[in-house]
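Here is the structure we will look at.
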Amino acid sequence: MKTKHLNTSLSIVTALLTVLLFNNFAFFAWTGYSVAAIGEVHEASRIAHAKELLGKSYLGSAAQMLEGQASINQMILDKVEAGLAPQWKSYAPTIASTVISESTRLNFDPIFVLAIIQTESRFNPIIVGGAGEIGLMQIKPDTAKWIARKNGIAWDGKKTLQDPVSNIKIGVAYMNYLRGKFQKTPMKYVSAYNMGPLNVRRLIAKNIRPYEYRSKVMKNYSYFYANMADRNNDSALVASN
């Protein structure tokens, strides 16, 4: 009788633990991942988008200083790993690989995508915003559903955004939609990612330039590039000695 009761109790405990694990946000979001190979950054796309974002400021910028550097993909991996909390660091290759591949596919500078992630979530893949935004790129489920279906990205309800790969794919696709909507004008499409295209148009109609959110993104963008350029110069100095 004691053995039977013990087995029954163990079965109940096991079942409860299983339920808790599969309802745990962090556990769900990260099961089934393997270490991804980091692809190469598409240099032409990176440079073209950097020029679009920086305008005349591109000349002499850290973004220009890194032209032709084959190690930018490793720099991106380092930035992702540094930004993630300890429990997520082993997934840095998967996140970095997705940032690079989606940036290449849609002609973005991957450092810009990192800047969006830093601004939105500070690389917290399980954060939920006050308005219901989810994950690394802080996307609302209703917007994500529309963008996912528009771009042929699998959609299985808001839990899709708990998956960082899907989150990045949808976030970059949404930015690409806004970029086209505003004729590649960074002030407009970057701001629209935060406040929506309608609010951007309303401000512009009143001769008000939305700048706060874009300023935060570009500050992070410039910081990432400056830090990467400094590290590249340090590596070059060490190699020459």
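Read-outs throughout are calculated quantities, based only on the coordinates presented, and are distinct from any laboratory measurement. Values in this document were obtained by computation on a predicted structure and should not be read as measured data. Backbone-built Cβ (ideal geometry, glycine too); neighbour counts: all protein chains shown.
Side notes on the structure shown:
- When Rg and Dmax are taken over the Cα atoms of the stretch 137-241, they come to 17.8, 58 Å.
- Charge sum, other residues only, whose C-beta stays under 14 Å from Y221's C-beta, Lys/Arg counted +1 and Asp/Glu -1: +3
- FRET efficiency for Y58 and K219, using Cβ-Cβ distance with R0 set to 22 Å, rounded to 0.05: 0.85
- Cα-projected label distance for R122 with K89, points at 7 Å along beta-carbon direction, nm: 1.8
- Positive contributions from Lys and Arg (+1) and negative ones from Asp and Glu (-1), summed over other residues with Cβ under 11 Å from the Cβ of I111, come out at +1.
- Amide H contacts of L84 (H built 1.01 Å from N, under 5 Å, at least 5 apart or other chain): none
- In this structure, the pairs whose alpha-carbon distance is over 19 Å, taken from K51/K169; K150/K216; K140/K169; K51/K184; K51/K188; K56/K219, are K51/K169; K150/K216.
- The stretch 25-152: C-alpha gyration tensor shape, a/c 1.5 cut-off, then a/b vs b/c: prolate
- For G68, the shell of other residues with beta-carbons less than 11 Å away shows a net charge of -1, using +1 for Lys and Arg and -1 for Asp and Glu.
- Sequence-distant residues sharing a close amide H with I134 (under 5 Å, placed H): G129, I139, K140
- In plain terms, the chain from A44 to S71 could stretch by 8.2 nm, reckoned as 0.36 nm per residue minus the Cα-Cα distance.
- Viscosity 1.567 mPa s, 4 °C: Kirkwood-radius Stokes-Einstein D of the stretch 53-123 over Cα pairs, µm²/s: 100
- Rounded to the nearest 0.05, the FRET efficiency derived from the C-beta distance between K159 and K206 at R0 = 35 Å is 0.35.
- Sorted on the mean count of surrounding Cβ atoms within 10 Å across their residues, most packed first, peptides 101-107, 63-69, 180-186 read 101-107, 63-69, 180-186.
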